[in-house]
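So the structure is just underneath, and the comments pick up after that.
The values are calculated or read from the model by the stated rules, or taken from the named source; none is laboratory data. Quick caveat: nothing in here was measured; it's all calculated off a predicted structure. Glycine also receives a Cβ, built like all others from the backbone with ideal geometry; neighbour counts cover every protein chain displayed.
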Amino acid sequence: MLEVTHISKHYDNQLLLDDISFQVAQEETVCLLGPSGGGKSTLLRIIAGLEEMEGGQVFWQGEDITEVPAHARQFGLMFQDYALFPHMTVSQNVAFGLRMQQADQKTIKDRVSESLELVNMTGFANRRVTDLSGGEQQRVALARALAPRPKLLMLDEPLGALDRALREQLNADLRQLLNRLDMPVIYVTHDQEEAFAIADWILILHEGKIIQAGKPQEVYHQPVSLWLASFLGQKNQIKGKIISIKPLQVKTDYGTFECGYQGSDLKLDQNVTLVLPPSAAETCQSEKNVIRAIVVDVLFRGDGFMIDFRLQDEKVLTYHFDQSLQIGQEINLFIKPQSILCFNGEHYAG
């Protein structure tokens, strides 16, 4: 449905977007994920027709709409700060886009009612938006974006202004809503968990480029760079040297580890970095792929426990366990070979 090709943009003489190309299919939610200030919001505004680009094109159903003005594109954009009108009621805010389209009164009434029902805000129509909570304002802003029935819905950090507990609640509600919509969606966030919960397809935007694209599970389990692994929260990293290729074995200060990767771009005596994902460890009596560690902290996270382990040189690794462990307990951590990521410098070797 939507295709952007070779988009480029400078800001303050710095390259903000560098040759960006991707597609969004009907009923697909594509998430632009990356650190704040990386150009994600600017890219949305370019697609919406609200900001000019220096190179590239935007296509809708194969038609070049690069020069089509924003109002004629019929795309919906929900801004990060919601941009609600404080002097208007909820229904007046939701109806704003329809009034700009000069829709008749019956259409406006029906669409406002329909949109408020979609976001579970029925009964709030006559409230002033200044009397609403942050979560309620977020829902009203979403209803306003949906009311004109846009061809494409774009959400710019829609949960960014909310506290953690409310974000988690609304994340689940938003996921269910997007699954019901018969339209393509572009969702911008810097929050990894939010992206993984919402997206059908994830684009990682870093330093102006899309460095990886894929399904959420693919991006998480096979990050293309050490930077991305760290950004996704995989910070259990140890350095080592390759002592065997088949099977791949890496000697480290904490022991020798066998890795599942069997590629051909690694060499003996090569220095590498191993990333040991939070789900990669378990306790056992194995003598291979084992780190001797002491439990130093246990944090309950609802679906299990995040446990910090201190190694002999004071380095700390964090792993997810279904069961709690005793602080001060010394154990053998078995690291599953197939879970270990091996990086040649900055780049994934698998």
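Could you name every one of the strands (runs of 3 or more DSSP E) located completely within the range 26-127 that has at least 1 residues being outside the structural domain of residue 183 (by TED's automatic domain parsing)?
Working: elements: 29-33, 55-60, 75-78.
Per the criteria, no element qualifies.
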Handout entry: Selection count where residues are within 19 Å of residue 84 (Cβ to Cβ) and over 16 Å from the mean Cα position of the chain (by Cα), scope the range 133-160
Key = 18
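Looking at 328, 302, 345, which one is modelled with pLDDT of 90 or more, surrounded by fewer than 15 Cβ atoms within 10 Å (Cβ to Cβ) and not acidic (Asp, Glu)? Steps first, answer last, please.
Values: 302 fails: modelled with pLDDT of 90 or more; 345 fails: modelled with pLDDT of 90 or more.
Of 328, 302, 345, the one residue that is modelled with pLDDT of 90 or more, surrounded by fewer than 15 Cβ atoms within 10 Å (Cβ to Cβ) and not acidic (Asp, Glu) is 328.
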Fill in the blank from the handout: For the range 24-64 the number of residues that are charged (D, E, K, R), closer than 16 Å to residue 6 by Cβ and out of contact with any helix residue (DSSP H, G or I) (no Cβ under 9 Å at 6 or more places or on another chain) is 2
Problem - Test for residue 208: is it touching a strand residue (DSSP E or B) at 6+ places or on another chain (Cβ under 7 Å), in the same structural domain as residue 81 (by TED's automatic domain parsing) and touching a residue at least 60 places away in the same chain (Cβ under 8 Å) - result: yes
Practice task
Select, from 265, 253, the only residue that is loosely packed, with under 13 Cβ neighbours inside 10 Å, under 30 Å from residue 205 (Cβ atoms) and in contact (Cβ under 8 Å) with a residue 60 or more places away in the chain.
Solution key: 265
Problem - Scope the range 52-71; condition in contact (Cβ under 8 Å) with a residue 12 or more places away in the chain and among the acidic types (Asp, Glu); matching residues - result: 54
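Check whether at least one residue in the range 20-38 is within 28 Å of residue 225 (Cα to Cα), in contact with a Lys or Arg (Cβ under 7 Å, 6 or more places away or on another chain) and touching a residue at least 12 places away in the same chain (Cβ under 8 Å), and report yes or no. Break it down stepwise before answering.
So in the range 20-38, the residues within 28 Å of residue 225 (Cα to Cα) come out as 20-25, 28-38.
Still in the list and also in contact with a Lys or Arg (Cβ under 7 Å, 6 or more places away or on another chain): 32, 34.
Within this subset, residues satisfying the condition of being touching a residue at least 12 places away in the same chain (Cβ under 8 Å) are 32, 34.
Scanning the range 20-38 turns up at least one residue that is within 28 Å of residue 225 (Cα to Cα), in contact with a Lys or Arg (Cβ under 7 Å, 6 or more places away or on another chain) and touching a residue at least 12 places away in the same chain (Cβ under 8 Å).
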Fill in the blank from the handout: Those residues of the range 141-160 that are surrounded by fewer than 24 Cβ atoms within 10 Å (Cβ to Cβ), among the small types (Gly, Ala, Ser) and closer than 17 Å to residue 94 by Cβ come to a total of 2
Exercise for the section: For residue 129, indicate whether it is modelled with pLDDT of 90 or more, over 18 Å from residue 148 (Cβ atoms) and either surrounded by fewer than 18 Cβ atoms within 10 Å (Cβ to Cβ) or aliphatic (A, V, I, L, M) (or both). Expected result: yes
Exercise for the section: For the range 271-350, please list each of the strands (runs of 3 or more DSSP E) lying entirely inside it that holds at least 2 residues being closer than 28 Å to residue 244 by Cβ and touching a residue at least 60 places away in the same chain (Cβ under 8 Å). Expected result: 271-275, 316-321, 341-344
